[in-house]
Structure formats: structure tokens, C-alpha cells
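Data block below; observations after.
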Amino acid sequence: MESHVQIMAGVDEAGRGPLAGPVIAAAVILDENQPIAGLADSKTISEKNREKLAVEIKEKALAWAVGRSDAEEIDKINILQATMCAMQRAVEGLSVTPDLVLVDGNRSPGFKCASEAIVKGDQKVAEISAASIIAKVTRDLEMKELDKVYPQYGFAKHKGYPSKAHMATLLECGPCPEHRQTFGPVKRSLGGG
């Protein structure tokens, strides 16, 4: 009798907290015949190692995809809804359809298959760790590109997070089109509450 092996996708996001840039979600289905050493929560891995792992994940995974929601959409529907949309887009972008989607965090958006939210999933589930690495590396790369367009903000350094330098530039120059207008510090730099 043939047993059905469940195809599991891990999903995580990068960029919920920054004041600028997109929120990026990644979905990854690992190949159990090609294990990847060193998978962990992307925040605990050095940038250099994250970049190396991202290449290895893309080479060895059965499938991977990225979904996104830009600053304009975040302002329109709020960061939580935008994150959920980015996660759905990542899963829809997979070339292999999963039976189960494991999402990092305490809530899962609706998918066309079963899903489960796992708190600290990026520390517990290899598929979610892999997704967290792809999401972070993808977003960091985008923020480095945005830094070339808007060099005064220092996006390559702080990736849009509210660092002291970023806050000072925001107050001095006001926001750029990549800033999330509904986020408190950005709103205040525009003279609103």
C-alpha cells in the first residue's frame, strides 16, 4: 500500500516593522533528499551566511517563491492584512502545490490547502527557517536597491527600520514614496498626529 507523503510548505515574512519598503513573504518546500545544514531563524544568522544559505535553499528546495506587498498597499489595507496577502502570493507562486502550509507566527491567512500557525516556527520548523532566510535576503536586497534611488535615507544600512539616523533623516527631509504614510513616525514627519 502506497503511503502519501505530505508536501509541506513553510512561510515567513520580513519587513513588518520598518517604516519604509515592502513586506516580503517567502514560501519554501524543502526536498528531504537534499538536506540543508544551518537552517535557523534568519535574525540569528549573519548576513553573509544568510546570503549563502539563500543560494543553497534556491538550488535544493523542491519549490520556493516570494510574495510582496509594497508601502502603498500597506497604507491602504494595514500591515497585518498586507503581510497576509504577501504570504498568500508566495504560496500561490509555488511550482509545487503543498498539502499543508506552516506559517510563522500566531495567525495564518486563508490558503487553498490546510495551514497551521506556529509561534516561533522559524526556530522550530526547517521549512519556515528556510522561508525566513529567503524573505530576509530578498527584502534586504530590495532595500539596498532603494538606497541607490533615495541615498539620503540610508536604507542599505537600516533596511527601513526606525534607527536613530533614519528618524533624524525622516524629520529633516520628510518621507519618500517608499515610506509607509500610516506608520506613526512617518505620519508625524508629515505633520499629522
*Once you have a ≥ b ≥ c as the square roots of the Cα gyration tensor eigenvalues for segment 8-149, tell me rounded if a/c is under 1.5, and otherwise prolate or oblate according to whether a/b is larger than b/c.*
oblate
*May I ask you to list, by number, the DSSP H helices of the chain whose Cα span along the axis is at least 15 Å and whose average Kyte-Doolittle hydropathy reaches -0.5 or more?*
79-92, 126-149
_Cα gyration tensor category, rounded, prolate or oblate, for segment 124-190 with a/c compared to 1.5_ = prolate
_Value of [θ]222 nm, deg cm²/dmol, for the chain, DSSP H segments ≥ 4, -39500 (n - 2.57) each, nearest 500_ = -13000 deg cm²/dmol
*DSSP-defined beta bridges in the chain - what % are antiparallel, rounded to 5*: 60
*Lys/Arg Cβ at +1, Asp/Glu Cβ at -1, dipole of the chain taken about the Cα centre: which of Ile77, Val101, Met8 is farthest positive-ward?*
Ile77
*Between Ala37 and Asn49, what length comes free when the chain is fully extended (0.36 nm per residue of separation minus the Cα-Cα distance, one decimal in nm)?*
3.2 nm
_Around Arg180: net Lys/Arg minus Asp/Glu count, Cβ-Cβ under 12 Å_ = -2
*Magnitude of the Cβ-charge dipole of the chain, K/R +1 and D/E -1, about the Cα centre, nearest 20 debye?*
740
_Given a Förster distance of 25 Å, report the FRET efficiency between Lys164 and Leu100 from their Cβ-Cβ distance, rounded to the nearest 0.05._
0.05
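Just so you know, all these numbers are worked out from the coordinates, no wet-lab data involved. Worth saying up front: this structure is predicted, and the values here are computed from it rather than measured. When we count neighbours, we look across all protein chains shown, and the Cβ atoms used for this are built from the backbone with ideal geometry, even at glycine.
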